[in-house]
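Okay, so here's the structure we're looking at.
The values are calculated or read from the model by the stated rules, or taken from the named source; none is laboratory data. Here the structure is a predicted model, which means the values were calculated and not measured. Glycine also receives a Cβ, built like all others from the backbone with ideal geometry; neighbour counts cover every protein chain displayed.
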Ligand code: ADP
């Protein structure tokens, strides 16, 4: 009997036997539900999962999920093992929620965009309940909305840049003469125009990342050197804000002290890294009062590169912390109200980090400071050399 049946073939509604209300729900639910063990072998498929994956549930059990489908990013890029959060969640038993990816189904040669969650179960088999739903319609609607916002912000950037330019001319004593009261008004208008310009810039960036127009161009990189180079460029801003700055570990423990300037390799997009560090360190500077400190560090953590941007600033309350990576979210307190921002920076950081197969999160003590962590896939020194040789060959070949 063939392992894979055609997509049109009806799936047996009595599989598994409907002997409880829970079974009834599993059999009739529109979301796909699979139970895997911790090595990814399928223990159970509900009919919706079988339908979506175009397979026969009874035949596919006890097969490894990797034989049935391949995990790709929503823009169709095949994910390496250390970028594949679904695989990692199944192997490690870490929960995963609303992970948006594509399943490339071998039996049908089709790609379906899905949102996947993994719930680990505490049993002897290391079972993982994996639920998923088709998000093709959602993505199409998002894409329409994104295109509208993208066009609108692009169109509005030009007049705003012109307003900003003329206000600069009006405020420059070499190009205009104005009285003090007018200077106050124009200054306020200039600040707002700059804010609007930043907002359109961030909106355009966010929408391009949302609909996959901005894709990372990954290359082998020595991460400590790259991050240091980016962070050091912000030194004039740090000094102007009256802050102390240190690159490298701040711990006095011998083992962490040795980690200072550890050589670690990654496979990242250099311009994405620039935006990420600029944003995180920019925030650290913005949200730390004069006299405080900002620190940046890079180290290897198993198969990940771990970057942290730490400050001794105003901190983030426990209520705000889970929301700060959402679009337009800004903590609302007396400190943040006086500090300008668009609420899009961290959303853009998250999108860029995730596009490179990474993860970003924050820890903070309100009133004491915050640390933002970025974890990215790490490659070995040998892998780095190999990929460098390959990319040099490619470049040589195109000359
Ligand atoms: P914004 O443009 O408002 O800074 P972000 O998306 O970069 O937008 O950050 C979202 C919110 O997270 C900020 O408004 C601020 O409340 C909080 N936040 C971000 N970074 C820090 C930090 N280093 N210290 C304290 N609060 C921060």
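Values computed for the structure shown
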read-out: Any hit, region 288-295, residues being at pLDDT 95 or above, outside any loop (DSSP other than H, G, I, E, B), within 11 Å of the ligand (Cβ to nearest atom) and within 29 Å of residue 268 (Cα to Cα); value: yes
read-out: Qualifying position, being more than 9 Å from the ligand (Cβ to nearest atom), in contact with a strand residue (DSSP E or B) (Cβ under 8 Å, 6 or more places away or on another chain), touching a residue at least 24 places away in the same chain (Cβ under 8 Å) and assigned to a helix (DSSP H, G or I), among 285, 276; value: 276
read-out: Selected residue (criterion: farthest from residue 215 (Cα to Cα)) from residues of region 321-343 that are in a loop (DSSP other than H, G, I, E, B) and within 6 Å of the ligand (Cβ to nearest atom); value: 331
read-out: Looking only at region 228-271, and only at residues there that are assigned to a loop (DSSP other than H, G, I, E, B), modelled with pLDDT of 70 or more and more than 26 Å from the chain's Cα centre (by Cα), the one that is surrounded by the fewest Cβ atoms within 10 Å (Cβ to Cβ); value: 242
read-out: Single residue of 379, 307, 348 found to be more than 9 Å from the ligand (Cβ to nearest atom), surrounded by 13 or more Cβ atoms within 10 Å (Cβ to Cβ) and at pLDDT 95 or above; value: 307
read-out: Test: residue in region 213-220 that is assigned to a helix (DSSP H, G or I) and either at pLDDT 95 or above or surrounded by fewer than 20 Cβ atoms within 10 Å (Cβ to Cβ) (or both); value: no
read-out: Filter pass, residue 146 being in contact with a helix residue (DSSP H, G or I) (Cβ under 6 Å, 6 or more places away or on another chain), in a helix (DSSP H, G or I), under 30 Å from residue 98 (Cα atoms) and modelled with pLDDT under 95; value: yes
